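> Below you will find the structure I want to go over with you.
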Amino acid sequence: MILKNKFGEVRSGWILTLLIVTDFFVMFLAISLSSLFENVFAQKWDDQMDYLILYPISIVTFLVLFHLIYKRPLEQMGLHRKGWLPQLLFGCLFGMVYIVLCEVVLLFTGVAYIKDLNWSHLTDLRILFGEYGLLAFILCGFTEEIIYRGFMMTALKTTRVKWLIVLLPAIIFSLMHFPEKPMGWMDLLLAGTLFAYLFIKTGRLWAPIGFHIMCNFCQALFGISVGDREVASLMTTVLTGPDWVTGGDDGSAGGISILVTLLCLLYVHFFVKKSKQPFWSMDSHMPLRRGMEG
């Protein structure tokens, strides 16, 4: 059958196509609403607040879509409430360590230097509520992990092909960020693979969500390739080495970032224990029976 496979499940290709189309539709809707608010509120509407439209609409849309398609609880896409806080905090710490390692290697190899320190920005509300502030990155981390890991990887379980479940969402994730250089694409692909591996090992979405949030936030705090964007960074990191090493305009998406990501993948493989209660597992099929945990 064109629509369903031999197990009577909706083919994942149709689901992924629907997700991508829906993602573009949500972005178009958010842009339209932002323009409407600008016209209504004139100068009072701040462009840096556009994320308050885009991400909440995206989160609600894809959670509702998952329930409508599979008619299953959100736990079966990795959003299990049991043990969520320790997993989220672990992911946040992991993401922070990742960016700190990238910054340290950049500085000690001489391909970057710190231009200035901006400790006064600790009291700047943009560090929390700006376009590149903590709230924006929290919403972004939830949105992208729900779409690319929780939803896409769950939908692809119907293929019964494990490498495809991991790699295809990572490829789509990297392409949807429109990297300007091949090294940027490779870095995003490995980052997507790292998030997927965290998801598989922990059996929940919380660790990759936390990693995603703090990775983006700490990169903004360190001022890595922020250019002339309005970012309340605590320092400005100037990249002086070749783009293939530092990432250039793509931020830390260069050879150093790729190396650190590979080290993180090894850490997850050898030191992150697989959950004894995997509330999400690649070995289970979709749609699952209500009440099953794996």
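> Please go through the range 99-144 and give me each residue that is touching a Gly at 6+ places or on another chain (Cβ under 8 Å), of a type in the set (D, E, K, R) and either closer than 25 Å to S174 by Cβ or open to solvent by less than 20 Å² (accessible area, probe 1.4 Å) (or both), ordered by number.
Scanning the range 99-144 gives no hits.
Here is a yes/no grid of residues against (1) open to solvent by less than 10 Å² (accessible area, probe 1.4 Å); (2) in contact with a Pro (Cβ under 9 Å, 6 or more places away or on another chain); (3) more than 14 Å from E145 (Cα to Cα); (4) in contact (Cβ under 8 Å) with a residue 40 or more places away in the chain:
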| position | (1), (2), (3), (4) |
| --- | --- |
| V161 | no, no, yes, no |
| L175 | no, no, yes, no |
| P182 | no, no, yes, no |
| D187 | no, yes, yes, yes |
| G192 | yes, yes, no, yes |
| L198 | yes, yes, no, yes |
| L205 | yes, no, no, yes |
| F211 | yes, no, no, yes |
| M214 | no, no, no, yes |
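> May I pose another question? Of everything in the range 78-98, what is under 15 Å from the mean Cα position of the chain (by Cα) and either open to solvent by less than 20 Å² (accessible area, probe 1.4 Å) or among the aromatic types (F, W, Y) (or both)? Give them in sequence order.
Across the range 78-98, the qualifying residues are G78, G91, F94, G95, Y98.
> Here's a follow-up. Would you confirm, using the coordinates I've provided, whether T261 is of a type in the set (V, I, T), at pLDDT 75 or above, over 19 Å from M186 (Cα atoms) and open to solvent by less than 20 Å² (accessible area, probe 1.4 Å)?
On the way: of a type in the set (V, I, T): yes; at pLDDT 75 or above: yes; over 19 Å from M186 (Cα atoms): no; open to solvent by less than 20 Å² (accessible area, probe 1.4 Å): yes.
Here the answer is no, as T261 does not meet what is asked.
> Test M152 against the stated conditions and say whether it is on the phi < 0 side of the Ramachandran plot and crowded, with 21+ Cβ neighbours inside 10 Å. Break it down into steps so the answer makes sense when it comes.
On the way: on the phi < 0 side of the Ramachandran plot: yes; crowded, with 21+ Cβ neighbours inside 10 Å: yes.
It is true that M152 is on the phi < 0 side of the Ramachandran plot and crowded, with 21+ Cβ neighbours inside 10 Å.
> When residues of the range 102-129 are filtered for being modelled with pLDDT under 85 and within 23 Å of the chain's Cα centre (by Cα), how many remain?
Within the range 102-129, residues that are modelled with pLDDT under 85 and within 23 Å of the chain's Cα centre (by Cα) number 1.
The values are calculated or read from the model by the stated rules, or taken from the named source; none is laboratory data. Source: prediction; values computed, not measured. No Cβ is skipped: glycine too gets one built from the backbone with ideal geometry, and neighbour counts run over all protein chains shown. Just so you know, the surface numbers come from the protein's heavy atoms only, side chains and all, with ligands and any DNA or RNA stripped out. Shrake-Rupley method; radii C 1.70, N 1.55, O 1.52, S 1.80 Å.
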